[in-house]
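Reading through the structure tokens given below for one structure.
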Amino acid sequence: MPPDPQTERLVIGIAGRIGAGKTSAARYLSARYGLHYFRYSLVLAEWRASDRENKAGLQEVGWEIMGGGLQKELNNRLIARIEKGVSAVVDGLRHPIDYASLQDCFLPSFHFFYIDSPPTLRWLRLRNRGRYSTREAFEAADSHPVEQQIEALRSKSATPLQNKGSLDELYASLDAQIGQIQSKGRA
């Protein structure tokens with residue numbers, strides 16, 4: 001069901017480790033609830049990484065941004081794309097500044113989901129998609145400095161979503177979260 005036009009808009013931020021299911025979740029929420037889809041890595045690629053479009057290249061550019069104190073600028077660029085009054089889902093928060101920027105801009109409409117999944121399952125998912133040919137390559141990407149602030153976001157989520165099963169199970173968890181948000185909005 002789409003967001004209720006009688007309630008305020010909905011802006012959802014999604015974080016989690018690589019392969020946890022962030023993009024699957026964001027795309028589902030976009031399709032199911034009519035939320036506009038935004039992704040940090042797309043804004044980053046358009047801003048600074050046109051010559052480095054693969055994951056490793058984007059991680060390096062992301063680290064240049066994060067390590068160079070430009071995370072707020074990245075957030076400003078993403079937030080500027082979200083039109084006033086539009087409901088949105090934002091995929092790929094990686095730093096507490098991302099969370100704070102979205103919360104400051106969109107509160108009380110902002111809700112945050114952290115998706116958790118065991119490392120072995122995340123590695124298998126990504127290997128099956130042809131993203132990493134070896135466990136070592138996955139672990140190198142997962143331990144890259146740009147990925148290290150993600151764990152600090154876990155505590156920002158009221159209920160981290162466990163993604164240990166099928167996509168349908170993840171979608172059901174997302175639907176339950178949306179239902180809770182919508183029922184609070186009507187209370």
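The values are calculated or read from the model by the stated rules, or taken from the named source; none is laboratory data. These figures come from a predicted structure and were not determined experimentally. Glycine also receives a Cβ, built like all others from the backbone with ideal geometry; neighbour counts cover every protein chain displayed.
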Inset, instruction - Examine the range 128-144 for a residue that is among the acidic types (D, E), touching a strand residue (DSSP E or B) at 6+ places or on another chain (Cβ under 7 Å) and surrounded by 15 or more Cβ atoms within 10 Å (Cβ to Cβ), and state whether such a residue exists. - result: no
Inset, instruction - Identify all residues within the range 152-168 that are surrounded by fewer than 13 Cβ atoms within 10 Å (Cβ to Cβ) and part of a helix (DSSP H, G or I); write none if there are none. - result: S155, L167, D168
Inset, instruction - Tell me, please, whether a residue that is of a type outside the set (D, E), in contact (Cβ under 8 Å) with a residue 40 or more places away in the chain and assigned to a helix (DSSP H, G or I) can be found in the range 82-90. - result: no
Inset, instruction - Among the residues of the range 69-81, write down those that are of a type outside the set (S, T, N, Q) and part of a helix (DSSP H, G or I). - result: K72, E73, L74, R77, L78, I79, A80, R81
Inset, instruction - Check S87, S41 and return the single one that is surrounded by 18 or more Cβ atoms within 10 Å (Cβ to Cβ), at pLDDT 90 or above, under 25 Å from S173 (Cβ atoms) and among the hydroxyl-bearing types (S, T, Y). - result: S87
Legend entry - Residues satisfying the stated conditions in the range 116-146, i.e. outside any loop (DSSP other than H, G, I, E, B), among the basic types (K, R) and under 20 Å from the mean Cα position of the chain (by Cα): R122, R125
